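Working notes, beginning with the structure itself.
The values are calculated or read from the model by the stated rules, or taken from the named source; none is laboratory data. What you see is a predicted model; the values in this text were computed from it and never measured. As a convention, Cβ positions derive from the backbone with ideal geometry for all residues, glycine included, and neighbour counts pool all protein chains shown. We work out accessible area using only protein heavy atoms, side chains counted, and drop any ligands, DNA or RNA first. Shrake-Rupley method; radii C 1.70, N 1.55, O 1.52, S 1.80 Å.
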Amino acid sequence: MVITGRNRSLYGVIFWIYVFIGTVAVAGGTQADYDRAKKLNARFQNKVYRKQIEPHWFDGNTKFWYQVQTGPASYECILADADAGTRKPAFDHARLAEALTQAGVEEINSNQLPLEKLEFNPTKNTLQFQTGGKVWQCDLEIYKLEVISEAQEESLPAYRVGRRPPSSRRTGEPTIITFINRTDEQVELIWLSTGGGQVSYGTLGRGQQREQNTYDGHLWLIADANEVAICFYRAIDKKAKAVIGAQEPQPFNPRRGFNSRRPQTDRRPNGLSPDGVYRAFVRDNNVGLREENSGKETMLTQDGSAENGYIEEFYWSPDSKKLASIRRKKGQEHPVYFVESSPADQIEPKLHSFNYRKPGDKVDIDRPCLFDVETQIQIPVSDELFANPYNVFDYHWSPESRRFTFTYNQRGHQILRVVAVDLNNGAAKSVIEETSEKFICYSSKYYCEYLDETDEIVWMSERDGWNHLYLYDGKTGTVKNQITKGPWVVRQVDRVDSDRRQIWFQASGIYPEQDPYYIHYAKMNLDGSGLTLLTDGDGTHTVQFSPDHRFLVDTYSRVDMPPVHELRRSDNGKKICELERADWSNLLDAGWQVPQRFVAKGRDGKTDIYGIMIRPTTFDPNQSYPVIEDIYAGPHDSFVPKDFNTSYGMQKIAELGFIAVKIDGMGTSNRSKAFHDVCWKNLADAGLPDRILWMKAAAKKYPYMDLSRVGVYGPSAGGQSAAAAVLTHGDFYKVAVADCGCHDNRMDKIWWNEQWMGWPVGPEYAANSNVTLAKNLTGKLLLMVGEMDRNVDPASTMQVVNALIKADKDFDLLVVPGAGHGVAGGQYAARRQADYFVRHLLGVEPRSKP
């Protein structure tokens, strides 16, 4: 064909259309992509070395040893001297390998010693370890080995489950837990997801065991046949056993997470007085006392009833002369019903119900009560200062038995008050009163530490716009001084040293030039002077202190930098020496894509918004990729990963041909109070304006991000936000998958929703509901729900379905029979979620042949 002047321009247009299509269209969503995504964890597993150490201190806490992985199956044992600032091999690995070979242990290599439960004793110069099912001891002077005993069955520690089971707070390397059921009945294995959900992984019969793939840091709940929690376990970075029923569960104390209020050491669950003379008890909803020696009983109350009675919660004064107890007026029952369509043990469906209070419901009203043991009469306590509680907690006696105090959280979470009760006359007065026009973040920013020796209280507050610590005079209730101060936040208190008048804590934003979410460790004097920063590396930190707190092993990392381990002094925070620097060369050689950190301005044009993006291993900067946001905007925390990990949840979805992003918009926690307050009665906002601006700014710098094709997904509160994204910003978000979303805050759990949406239930609840917003749907929406979700009422999703049908909107729905919360954690629903984006953003049929 001859191209004439008339049609030359037409062919030029056609040529550039083909060029444009070639740059926009990118291979993705094929069976090969799915296969590759499925194998990502295995592909990158055990590719980073020298990434984790655990110090074992000795010699007056001036020396320690640790074992570190140096290769795929090789390890070193290192001896460090804090005073000298040195590190060296702890023993001759080659001689030990030779000794083991001579002892008959097969396949021994000096770089791959199969040593477990290592116990190094440099004082005696011996080494104890397990291998080959035996416990060995080696004399390191002459490298003589002897068998001490047979190896015992070891288990991960079992932890007690509180009022609310915790959620998995981090996702580390892939690992395996072997669950072994040593109880006398069948148990259920339940994964506690990072979104707060519970995903059942089936049952385990008596005496049975099962290997379960999981990740370092993930939590697993064990429930009995009546769905009552027994305990939970936390996975570690190596293969381990969880022997169910082999030990008494212990309290859970995560190194990082929510601030823990001080333990209620004054509570005596068995009712026994400190002097052992009396035992308090409850009978027929009334309080009584029993003399331990004679058995003589005296009832202290007669007015208790089933609906307004005394409960078995006793707090004795240290001198045993006074007793505090609780009278509880029961709130309303709120049964939630659902049908299990396909039970394993019968053909017919089963009806289930459980009590589940929702916003606006009547809660239990607890009234602290006071009794004089000598006269055996009740001392009236006025409830004027605690008349409308959401809850009353943290009871504490003064050492001299002069008064007891408790914390009162008023319904609506806008008043938090420490109340003191005089033991002589029952008079109550306010010692500390915290108020907020919006909300007090009681669930994760409460800290109250009593310093009994000086009658002082350390208190946490956001009153100056940042989460900080204050020192109160416990007698007068006046602020003696603000302890911490500045445009940064206290994340957690680690310890209070009352002798040295110091407080040790974790903080974020304390280095202005670093990411404000990075955790650093610090200490300072209680009078607000002497701030000492114990860490400084550009990353987020965890530390392991020596037993006497003179030294610390500091480990820090970023999503784009593997861990660095340093030995530092606690008196001045100075680095003594570098212990290890993780080696990730094998990981990079395997094709791992380093996550990209990015910062952009939020809706106010001033505030920095932080996020990351993850690219597929087949990434080509000359191609164009749809963008998918993994969203979770739950106001109780921040959610963008900060520490290094080879396995982020977004990688599998990115591998199918997308750029995956995760962002912390306004309304989430761990920044200023103003940043957090954006969520107040405004959960549908979900920081979406900030997220959109972040992606637009990122696309300007990285033009391979195609913002004409943007998707979003999330579980639980993230499911609510994902659906809200296409309902309120359908011009930007084109496709959404909402997994078990709490779509209407009137339908969700009371403690979480009233904290952010307020009480009484107002019109904001309806205005923020995805049921109300359903009529605005313009894009593609897949709703997923488990029919047996106990975390979020499944009806919340179905009510959105109903609203969409009434509005004549096309949508997609996946109901998973027998599933609980967070169905996208299951294999089938995860695949359907991926398919949805492949189909509607890539425009190809999922799992097609290349």
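Summary table
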| read-out | value |
| --- | --- |
| Residue within the stretch 131-142 that is among the hydroxyl-bearing types (Ser, Thr, Tyr) and out of contact with any Pro (no Cβ under 9 Å at 6 or more places or on another chain) present | no |
| So VAL823, is it under 29 Å from the mean Cα position of the chain (by Cα), open to solvent by 30 Å² or more (accessible area, probe 1.4 Å), farther than 16 Å from GLY730 by Cβ and among the β-branched types (Val, Ile, Thr) | no |
| Odd one out for VAL490 among (1) touching an Asp or Glu at 6+ places or on another chain (Cβ under 8 Å); (2) of a type outside the set (D, E, K, R); (3) part of a strand (DSSP E or B) | (1) |
| Within the stretch 318-358, considering residues that are polar (S, T, N, Q), more than 24 Å from THR203 (Cα to Cα) and assigned to a loop (DSSP other than H, G, I, E, B), the one most open to solvent (accessible area, probe 1.4 Å) | GLN332 |
| The listed residue being in contact (Cβ under 8 Å) with a residue 40 or more places away in the chain and within 27 Å of the chain's Cα centre (by Cα), out of VAL421, VAL489, VAL431 | VAL489 |
| Counted residues, the stretch 371-402 - those being open to solvent by 40 Å² or more (accessible area, probe 1.4 Å), closer than 30 Å to MET757 by Cβ and among the acidic types (Asp, Glu) | 2 |
| Leading residue by the ranking (least open to solvent (accessible area, probe 1.4 Å)) among those in the stretch 697-718 that are charged (D, E, K, R) and assigned to a strand (DSSP E or B) | ASP706 |
| Of all residues in the stretch 662-692 being under 20 Å from the mean Cα position of the chain (by Cα) and not in a loop (DSSP other than H, G, I, E, B), the one that is surrounded by the most Cβ atoms within 10 Å (Cβ to Cβ) | ILE663 |
| Residue in the stretch 365-401 that is modelled with the highest pLDDT, counting only those that are of a type in the set (S, T, N, Q) and touching a Lys or Arg at 6+ places or on another chain (Cβ under 7 Å) | ASN388 |
| Residues (in contact (Cβ under 8 Å) with a residue 24 or more places away in the chain and touching a strand residue (DSSP E or B) at 6+ places or on another chain (Cβ under 6 Å)) located in the stretch 77-88 | CYS77, ILE78, LEU79, ALA80, ALA82, GLY85, ARG87 |
| Lone qualifier among GLY528, GLY602 - being surrounded by 14 or more Cβ atoms within 10 Å (Cβ to Cβ), more than 22 Å from ILE78 (Cβ to Cβ) and in contact (Cβ under 8 Å) with a residue 60 or more places away in the chain | GLY602 |
| Any pair with Cβ under 7 angstrom, 6 or more apart, that starts in the stretch 775-803 at a residue that is under 19 Å from TYR733 (Cα atoms) and ends at one that is of a type in the set (Lys, Arg) and open to solvent by 20 Å² or more (accessible area, probe 1.4 Å) | LEU777/LYS809; GLY779/LYS734; LYS780/LYS734 |
| Residue count for the stretch 836-847, restricted to those that are open to solvent by less than 60 Å² (accessible area, probe 1.4 Å), more than 14 Å from ALA736 (Cβ to Cβ) and either not in a loop (DSSP other than H, G, I, E, B) or not β-branched (Val, Ile, Thr) (or both) | 3 |
| When residues of the stretch 752-801 are limited to those that are of a type in the set (Ser, Thr, Tyr), assigned to a helix (DSSP H, G or I) and out of contact with any strand residue (DSSP E or B) (no Cβ under 6 Å at 6 or more places or on another chain), the one farthest from LEU814 (Cα to Cα) | TYR765 |
| Qualifying residue in the stretch 116-131 (condition: crowded, with 19+ Cβ neighbours inside 10 Å and farther than 27 Å from THR555 by Cα) | yes |
| Residue in the stretch 567-586 that is open to solvent by 10 Å² or more (accessible area, probe 1.4 Å) and on the phi > 0 side of the Ramachandran plot present | no |
| Filter result for MET757 (closer than 30 Å to GLN414 by Cβ, of a type outside the set (S, T, N, Q), surrounded by 20 or more Cβ atoms within 10 Å (Cβ to Cβ) and touching a residue at least 24 places away in the same chain (Cβ under 8 Å)) | yes |
| Answer from THR454, THR405, THR478, THR435 - the residue that is surrounded by fewer than 20 Cβ atoms within 10 Å (Cβ to Cβ), hydroxyl-bearing (Ser, Thr, Tyr) and closer than 27 Å to LYS362 by Cα | THR435 |
| The stretch 453-470 - residue that is touching a Ser or Thr at 6+ places or on another chain (Cβ under 7 Å) and under 14 Å from VAL496 (Cβ atoms) and, of those, modelled with the lowest pLDDT | GLU453 |
| Residue match in the stretch 298-308 (condition: assigned to a strand (DSSP E or B), charged (D, E, K, R), more than 18 Å from ARG403 (Cα to Cα) and modelled with pLDDT of 95 or more) | no |
| Complete set of residues in the stretch 605-639 that are assigned to a loop (DSSP other than H, G, I, E, B), open to solvent by less than 10 Å² (accessible area, probe 1.4 Å) and touching a strand residue (DSSP E or B) at 6+ places or on another chain (Cβ under 9 Å) | PRO616, ILE631 |
| Close pairs (9 angstrom Cβ cut-off, 6 or more residues apart or separate chains): within 24 Å of ASP361 (Cα to Cα) in the stretch 319-344, in a loop (DSSP other than H, G, I, E, B) and of a type in the set (Gly, Ala, Ser) anywhere | ARG327/GLY304; LYS330/ALA306 |
| Answer from GLU141, GLU107 - the residue that is at pLDDT below 90 and either of a type in the set (A, V, I, L, M, F, W, C) or open to solvent by 60 Å² or more (accessible area, probe 1.4 Å) (or both) | GLU107 |
| When residues of the stretch 773-810 are limited to those that are among the polar types (S, T, N, Q) and over 31 Å from the mean Cα position of the chain (by Cα), the one surrounded by the most Cβ atoms within 10 Å (Cβ to Cβ) | ASN776 |
| Any hit, the stretch 434-447, residues being more than 22 Å from THR668 (Cα to Cα), assigned to a strand (DSSP E or B) and more than 26 Å from the chain's Cα centre (by Cα) | no |
| Residues of the stretch 719-734 classified as in a helix (DSSP H, G or I) and open to solvent by less than 20 Å² (accessible area, probe 1.4 Å), total | 9 |
| Per-region count, the stretch 205-249, residues open to solvent by 80 Å² or more (accessible area, probe 1.4 Å), closer than 28 Å to GLU54 by Cα and at pLDDT below 85 | 4 |
| So ASP361, is it in contact (Cβ under 8 Å) with a residue 12 or more places away in the chain, in a loop (DSSP other than H, G, I, E, B) and over 24 Å from THR301 (Cα atoms) | yes |
